[in-house]
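The values are calculated or read from the model by the stated rules, or taken from the named source; none is laboratory data. Nothing here was measured: the structure is a model prediction, and the numbers come from that model. Glycine gets a Cβ as well: all are built from the backbone with ideal geometry, and neighbour counts include every protein chain shown.
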Ligand code: FES
């Protein structure tokens, strides 16, 4: 073997070092992306106002109701797991989700039957492929309030 050529042990060591460096770079990028996402949510929560949607007494558990929040068609779902606010327009072909059904935490579109998780907006069944946008929600003095935020498939 010529002098100066790496042997098998040196090559393995270099590959391991490169893999470790790549792993470290991925961890840094993932942490940065996560921090950016957190900042975006925090910025929204600081700058976007809470807006009244409806009195909590109008929405018993197991039901859902459409509300106009700041000019946006929002659906409030009262599931066993709590209250959730989502866009009221199906991402498949724009049907109003409030005309569909709420079964547990599964929200079913009235037009073609796509289903979504009412807690996260995540698609559970075709033909929709994009999640419903979710919004922050709180109950203050018996009033359901919504903070519009477009947290699609979040949390
Ligand atoms: S419009 Fe909702 S599934 Fe088609």
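For residues that are under 14 Å from the mean Cα position of the chain (by Cα) and on the phi < 0 side of the Ramachandran plot, tally how many sit in the range 105-146.
Looking only at that region, the number is 17.
Determine whether residue 53 is outside any strand (DSSP E or B) and at pLDDT 95 or above.
no
Just checking, which of 75, 83 is at pLDDT 95 or above, closer than 17 Å to residue 134 by Cβ, assigned by TED's automatic domain parsing to the domain that holds residue 136 and more than 16 Å from the ligand (Cβ to nearest atom)?
So the residue among 75, 83 that is at pLDDT 95 or above, closer than 17 Å to residue 134 by Cβ, assigned by TED's automatic domain parsing to the domain that holds residue 136 and more than 16 Å from the ligand (Cβ to nearest atom) is 83.
Which condition does residue 141 not pass, out of (1) free of Cβ contacts under 8 Å to residues at least 40 places away in the same chain; (2) away from the ligand (no atom under 12 Å from the Cβ); (3) touching a strand residue (DSSP E or B) at 6+ places or on another chain (Cβ under 6 Å), if it passes all the others?
Result: residue 141 passes all but (3).
With the structure loaded, tell me whether residue 92 is assigned by TED's automatic domain parsing to the domain that holds residue 135 and either within 17 Å of residue 127 (Cβ to Cβ) or in a loop (DSSP other than H, G, I, E, B) (or both) or whether it fails that test.
Judged against the criteria, residue 92 is a match.
Taking the range 121-138 as the search range and keeping residues that are within 24 Å of residue 71 (Cβ to Cβ) and away from the ligand (no atom under 14 Å from the Cβ), which one is surrounded by the fewest Cβ atoms within 10 Å (Cβ to Cβ)?
138
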